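Presented below is the structure to which this report refers.
The values are calculated or read from the model by the stated rules, or taken from the named source; none is laboratory data. Bear in mind that the values here come from a model prediction, so they are computed numbers and not experimental data. Cβ atoms come from the backbone with ideal geometry, glycine included; neighbour counts cover every protein chain shown.
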Amino acid sequence: MDALTSSLAVLTAMITPAVLISASGTMILSTSTRLGRIVDRVRLLSDRLRHLGDANEDAEFLEEERAMLYDQLDKLTSRSRLLQRSLTTFYLAVGVFVATSVAIGVVAFFSAHAPGCRW
């Protein structure tokens with residue numbers, strides 16, 4: 001019965017990082033979706049900027065629109081850099097949680113086979 005209790009304790013300790021891995025995976029999915037939307041928006045604005053020179057409209061209006069598009073592109077660039085850093089952090093967190101779960105199992109395995117172990 002003592003071996004069963006210790007095995008359950010080890011499995012319980014290994015499940016906790018697994019739950020955090022799942023939560024981090026959800027955050028990765030959400031963040032990568034946001035990054036994809038920003039990339040799509042940048043492509044759309046780039047096309048608008050490219051076709052802006054083809055229009056035969058008022059030069060002052062074209063300059064204002066061009067300035068607005070550059071401003072939006074600048075903001076989107078800042079957002080995409082923040083999202084890239086966030087994704088890096090989430091992937092690092094997943095790696096740490098996986099390593100933690102594996103380390104718990106390895107420590108429990110070697111502790112059980114060590115001489116004089118109480119487990």
Self-check item: Count of region 1-31 residues which are among the hydroxyl-bearing types (Ser, Thr, Tyr) and farther than 14 Å from TYR91 by Cβ
Solution: 6
Quiz item: Would it be correct to say that SER86 is touching a Ser or Thr at 6+ places or on another chain (Cβ under 6 Å), in a helix (DSSP H, G or I) and either exposed (fewer than 10 other Cβ atoms within 10 Å of the Cβ) or among the hydroxyl-bearing types (Ser, Thr, Tyr) (or both)?
Solution: yes
Self-check item: Number of the exception - GLU60 against (1) closer than 30 Å to THR12 by Cβ; (2) modelled with pLDDT under 90
Solution: (1)
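The rows are residues; the columns are (1) out of contact with any strand residue (DSSP E or B) (no Cβ under 9 Å at 6 or more places or on another chain); (2) at pLDDT 90 or above; (3) exposed (fewer than 15 other Cβ atoms within 10 Å of the Cβ).
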{"residue": "ASP40", "(1), (2), (3)": "yes, yes, yes"}
{"residue": "ARG48", "(1), (2), (3)": "yes, yes, yes"}
{"residue": "SER78", "(1), (2), (3)": "yes, yes, yes"}
{"residue": "ALA93", "(1), (2), (3)": "yes, yes, no"}
{"residue": "PHE97", "(1), (2), (3)": "yes, yes, no"}
{"residue": "VAL107", "(1), (2), (3)": "yes, no, yes"}
{"residue": "TRP119", "(1), (2), (3)": "yes, no, yes"}
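Give the residue, chosen from ALA103, ALA67, that is among the aliphatic types (A, V, I, L, M), surrounded by 12 or more Cβ atoms within 10 Å (Cβ to Cβ) and either touching a strand residue (DSSP E or B) at 6+ places or on another chain (Cβ under 7 Å) or free of Cβ contacts under 8 Å to residues at least 12 places away in the same chain (or both).
On the way: ALA67 fails: surrounded by 12 or more Cβ atoms within 10 Å (Cβ to Cβ).
Result: ALA103 is the single residue among ALA103, ALA67 that is among the aliphatic types (A, V, I, L, M), surrounded by 12 or more Cβ atoms within 10 Å (Cβ to Cβ) and either touching a strand residue (DSSP E or B) at 6+ places or on another chain (Cβ under 7 Å) or free of Cβ contacts under 8 Å to residues at least 12 places away in the same chain (or both).
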Quiz item: Among SER24, SER6, which is within 30 Å of SER111 (Cβ to Cβ), in a helix (DSSP H, G or I) and at pLDDT below 90?
Solution: SER6
